[in-house]
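Engineer: Sending over a structure as structure tokens; questions will come in a sec.
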Amino acid sequence: METWQQWEGLVINGRFPLLRYLGGSEQSAVYLTEIDGSKAAIKLIPAETVPAQIQLSRWELASNLSHPHLLRILHTGRWRVEAERDMHFAVMEYADENLAEILPSRRLTPAEPARTPTMLEYPSRPGNAPTVAGCKETPMTMGPVQLLVVGFDEPHFTGAIAAELDKLREQDVIRLVDMMVVQKDDVGNVTTLQRSDLSAEDAAEFGAIVGALIGFGAAGEEGAELGAEAGAEAMEDGHVFDDDQVWYVADSIPNGTAAAVALLEHRWAIPLRSAIQGAGGALLADSWVHPTDLVAVGLTAAAE
């Protein structure tokens with residue numbers, strides 16, 4: 001947005017200069033900034049909406065993660081940019097280039113796509129350590145998992161959402177790994193609901209494969225073994241989201257609103273992924289394009 005581009009030169013909370021506008025949409029803006037003398041990126045979103053409160057909570061949780069393949073979130077906060085207008089912000093490590101910049105100029109080297117395992121396969125017994133692709137015993141594979149966060153300014157639940165989820169599950173289109181719904185009435189009383197499609201055995205297996213993937217990225221096959229054990233143990237209660245996270249969301253939303261956080265496994269993608277791999281293909285980019293993204297593209301084109 002034009003107003004957001006005009007913020008170049010301002011300093012957030014006396015610490016983070018907005019050096020250069022990098023891009024944005026109706027909902028957010030990203031600038032180049034500095035932290036402790038190093039380049040960083042800073043993302044800003046309007047603070048007054050329920051989804052913004054949830055996004056801030058996600059940033060704060062993600063700031064505890066550290067891995068060579070992840071851009072670390074270094075700082076989060078709130079900024080009063082104008083009278084009666086506040087913004088949430090997250091400062092994160094700055095990436096000098098990405099696939100969208102690399103691919104037009106050169107092909108990936110054979111080693112680059114190989115740095116990330118394309119699939120992890122493991123025995124059906126949760127206590128057994130998984131192995132990297134190539135293992136013959138492969139009773140279960142995992143589809144891509146989407147984190148979906150939804151805010152309800154005026155919640156009106158009729159059961160229609162649950163019915164649609166049931167329909168998709170019955171057709172093996174998606175599987176609900178875990179979902180929590182948190183609702184506050186007008187005086188602040190909290191109602192929570194948690195749901196999962198996973199059986200106890202499924203949950204342990206899911207935890208094992210997620211833990212193994214993280215462990216493989218951190219420390220190769222040895223890390224995969226340790227990660228599988230830790231992941232299966234973490235999912236013993238059948239849920240990804242624990243009580244602390246439920247109440248964290250409850251503390252973040254205003255009275256009279258609701259929020260839902262869901263992990264959806266896209267089962268339909270598993271045979272397609274297998275077919276692509278069988279043809280020698282490797283994933284180069286993966287992103288969602290929402291209708292609002294297309295509107296933002298049109299607005300940007302009209303402004304140029």
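The values are calculated or read from the model by the stated rules, or taken from the named source; none is laboratory data. The shown structure was predicted, so the numbers you read here are calculated from the model rather than taken from an experiment. Here Cβ is always computed from backbone atoms with ideal geometry, including for glycine, and neighbour counts include all displayed protein chains.
Engineer: Could you figure out which of (1) in contact (Cβ under 8 Å) with a residue 24 or more places away in the chain; (2) in contact with a helix residue (DSSP H, G or I) (Cβ under 8 Å, 6 or more places away or on another chain) isn't true of ALA262?
Structural biologist: ALA262 satisfies every listed condition except (2).
Engineer: With within 17 Å of the chain's Cα centre (by Cα) and among the charged types (D, E, K, R) as the only criterion, which of ASP286, ASP251, ASP243 stands out?
Structural biologist: ASP286
Engineer: Let me ask something additional. Does any residue of the range 111-120 turn out to be of a type outside the set (A, V, I, L, M, F, W, C), at pLDDT 85 or above and closer than 26 Å to LEU284 by Cβ?
Structural biologist: no
Engineer: Out of the residues in the range 1-10 that are part of a helix (DSSP H, G or I) and within 12 Å of MET87 (Cβ to Cβ), which is modelled with the highest pLDDT?
Structural biologist: TRP4
Engineer: Which of the residues that make up the range 273-293 are surrounded by 10 or more Cβ atoms within 10 Å (Cβ to Cβ) and of a type in the set (S, T, N, Q)?
Structural biologist: SER274, GLN277, THR292
Engineer: Going through GLU221, GLU205 one at a time, which residue ends up being surrounded by fewer than 16 Cβ atoms within 10 Å (Cβ to Cβ) and either modelled with pLDDT under 90 or within 16 Å of PHE152 (Cα to Cα) (or both)?
Structural biologist: GLU221 is the lone residue from the list that is surrounded by fewer than 16 Cβ atoms within 10 Å (Cβ to Cβ) and either modelled with pLDDT under 90 or within 16 Å of PHE152 (Cα to Cα) (or both).
Engineer: When the residues of the range 1-39 are narrowed to those that are among the charged types (D, E, K, R) and over 20 Å from ALA52 (Cα atoms), which ends up surrounded by the most Cβ atoms within 10 Å (Cβ to Cβ)?
Structural biologist: GLU34
Engineer: Can you tell me which residues in the range 133-166 are modelled with pLDDT under 70 and more than 24 Å from the chain's Cα centre (by Cα)?
Structural biologist: ALA133, GLY134, CYS135, LYS136, GLU137, THR138, PRO139 - these are the residues of the range 133-166 that are modelled with pLDDT under 70 and more than 24 Å from the chain's Cα centre (by Cα).
Engineer: When you look at ASP243, is it surrounded by fewer than 19 Cβ atoms within 10 Å (Cβ to Cβ) and modelled with pLDDT under 80, yes or no?
Structural biologist: For ASP243, the condition - surrounded by fewer than 19 Cβ atoms within 10 Å (Cβ to Cβ) and modelled with pLDDT under 80 - is met.
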